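Novice: For reference, the structure I am asking about is given below.
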Amino acid sequence: MSDQALPARIGTAIVGGGIVGLCLARLLARDGAEVAILDDGTLAGTTANAGSLHVQMQSRFIRLYPEQAAALERALPLYLAATREWFDLERALEADFELKRTGGLMIAENERQFAFLADKARRERARGLDVALVERAELMRLAPYLGESAYGAELCADEGKLNPLLANAAILADARAAGALHCAGTRVSRVAADGAGFVVATNRGAMRAGRVVVAAGAGTGALLAPLGCRVPTVAEPLHMNVTEPMAPVVGHLVQHAERMITLKQLASGHVVIGGGWPARLAEAGPPLVRHESLVGNVALAVRLAPGLAQARVVRTWAGINTTSDGQCTIGPAGPRGLFVAVPGDAGYTLGPLVARLAWQSLRGERPYFDLAPFAPSRFAHDGENAAVG
């Protein structure tokens, strides 16, 4: 359902109503710009998010995309800045996102995994992260909810969690209060350059825009290709579960040195279990859950935190993660007036920061991170990346 009419003409059209699109629309509208958020919502990367606040390199990413690990490592300072951006945003909105910097534990279950964490921590410290290795005895004092299989862990002090449902609603409300239009149920099929601006074709008709920001996550590549801009975004469908409310059990953001898992407990008592177990892309609509991922995800969670065995899973769903080359893609692309804003891995964590960097660039300011490494032009002659998805 659409909640605002599609205007015939707009100053800035933001394609994508996820965390980047919402935050960018808010910033532009507060500047007095005429902004419309074109929000399909089908792939639901933001609305299906589990709310982890990631800082350290995720072992899952290193294992699945080893060729991209170096790029992710170079981008680690962005993750530190992204956590600060989240706290600044919560204060600016005077809202409660249930945002907590609880620290993140990446668990090793044997000596080999602990050695992997030791090497990872060394590399992360070199990039400015506050990480430490924790051996078994200290780990049990720090996190007594963990099971017997926990051998040791890497502790990242800046990691944490938030409630994305609360955050998304508060950011959207503030963007609309500033004057941004939120055109929900609007699927963009094509963006075409037209004179000094663009024609944006949607399922609700065509709209003219002076400039267009493509912040469509995994759908970005397909929209940019006809404009001669190559950004190889790929949709990665992932599985998540949530338990019924229970007494406090999980005190950190918990991950694993080798297996796919994230655990965190919301203020409501619900425990969200995610971490990258695969789901299935559907021909139309949101991604579909896989039974084997549901079972495997929950079984691993109970092994790491045995107290979870007392809780029932009350909901299971799938969302979309966007991958490209492990880095953000931010900057002008193709015809004049076309801009791209897509986070790298852990896109929800990076979303508000990516929006701020894009906003600074669109205003003609020098962003406080050099955007040259994240420019869309880096893909122009790169035959190594996956085809546009």
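Novice: If you average 1/r across every pair of different Cα atoms in region 1-120 and take the reciprocal, what Kirkwood value do you get, in Å?
Specialist: Roughly 17.7 Å, rounded to one decimal.
Novice: Give me the percent of the accessible area of region 261-309 that comes from carbon and sulfur atoms, probe 1.4 Å, all protein chains in place.
Specialist: Here carbon and sulfur together make up 64 percent of the probe-accessible area.
Novice: Report the antiparallel proportion of the DSSP beta bridges in the chain as a percent, rounded to a multiple of 5.
Specialist: Rounded to the nearest five, the antiparallel share is 70 percent.
Novice: Follow-up question, since we're still on this one. Whenever you get a sec, compute what percent of the accessible area on region 107-232 sits on carbon and sulfur atoms (1.4 Å probe).
Specialist: Carbon with sulfur: 53 percent of the solvent-accessible area.
Novice: Could you tell me what a quarter of the Cα convex hull surface of region 46-183 works out to, in nm² with one decimal place?
Specialist: Hull-based average projected area comes out at 10.2 nm².
Novice: Further, regarding this structure: Over region 106-146, one equal point on each Cα, no solvent: what is log10 I(q)/I(0) by the Debye formula at q = 0.17 Å⁻¹?
Specialist: -0.49
Novice: Could you derive backbone 3J(HN,Hα) for region 8-21 from the dihedral phi with the Karplus parameters 6.51, -1.76 and 1.60 (θ = phi - 60°), listing whole Hz in sequence and x where the residue is Gly or Pro?
Specialist: So the J values, rounded to whole Hz, are 6, 8, 8, x, 10, 9, 9, 8, x, x, x, 4, 5, x.
Novice: Viscosity 0.890 mPa s, temperature 25 °C: what is the translational diffusion coefficient of region 137-263 from Stokes-Einstein with a Kirkwood Rh over Cα pairs, rounded to a whole number of µm²/s?
Specialist: Here the translational diffusion coefficient equals 126 µm²/s.
Novice: Turning to a different aspect of this structure: Treating each Cα of region 116-187 as an identical point scatterer and ignoring solvent, apply the Debye formula and state log10 I(q)/I(0) at q = 0.18 Å⁻¹.
Specialist: These q points yield log10 I(q)/I(0) values of -0.78.
Novice: How many nm separate the modelled label positions at GLN4 and ALA157, each set 7 Å beyond the Cα in the direction of the Cβ?
Specialist: Computed distance between label sites GLN4 and ALA157 equals 4.1 nm.
Novice: Give me the net charge of GLU244's neighbourhood, meaning all other residues with Cβ under 11 Å from the Cβ of GLU244; Lys, Arg count +1, Asp, Glu -1.
Specialist: Charge balance near GLU244 sits at +2.
Novice: How many Å² of accessible area per residue for region 122-249, probe 1.4 Å?
Specialist: Value returned for region 122-249: 40 Å² of accessible area per residue.
Novice: Using a basic spin-label model with each label point 7 Å from the Cα along Cα→Cβ, how many nm lie between ASN203 and ALA173?
Specialist: 2.8
Novice: Right, here's the next one. Helix 76-93 versus the longest principal axis of the chain: what angle, 0 to 90°, nearest 10, using Cα atoms?
Specialist: Orientation of helix 76-93: about 70 degrees from the principal axis.
Novice: While we're here: What stretch of the chain, leaving out the sites themselves, is the longest with no GluC sites (Glu not before Pro) in a DSSP loop having at most 12 other Cβ atoms within 10 Å?
Specialist: Longest gap between qualifying sites, sites excluded: 149-282.
Novice: When we measure straight from the Cα of LYS100, which aspartates and glutamates land under 19 angstrom away, once same-chain ones fewer than 8 places off are left out?
Specialist: Cα-Cα hits under 19 Å: GLU85, ASP88, GLU90, ASP130, GLU154, ASP158, GLU159.
Novice: For region 105-158, which chymotrypsin sites (Phe, Trp or Tyr not before Pro) pass both filters: DSSP loop (anything but H, G, I, E, B) and at most 14 other C-beta atoms within 10 Å?
Specialist: Answer in residue order: no site qualifies.
Novice: Whole percent per 10 Å bin, from 0 to the bin with the longest distance: what is P(r) over all C-alpha pairs of the chain?
Specialist: Answer for the chain: a P(r) of 5, 24, 33, 24, 10, 3, 0 percent.
Novice: Would you kindly calculate the mean projected area, averaged across all directions, of the convex hull enclosing the Cα atoms of region 77-149, in square nanometres?
Specialist: That works out to 6.1 nm², a quarter of the Cα hull's surface.
Novice: Among ALA215, ALA206, ALA196, which one shows the biggest mean-square fluctuation in a GNM of the chain, springs joining Cα atoms closer than 10 Å?
Specialist: ALA196
The values are calculated or read from the model by the stated rules, or taken from the named source; none is laboratory data. These figures come from a predicted structure and were not determined experimentally. Positions of Cβ are backbone-derived with ideal geometry, glycine not excepted, and every protein chain shown enters the neighbour counts. Keep in mind that these areas ignore ligands, DNA and RNA; they rest on the heavy atoms of the full protein, side chains included. Shrake-Rupley method; radii C 1.70, N 1.55, O 1.52, S 1.80 Å.
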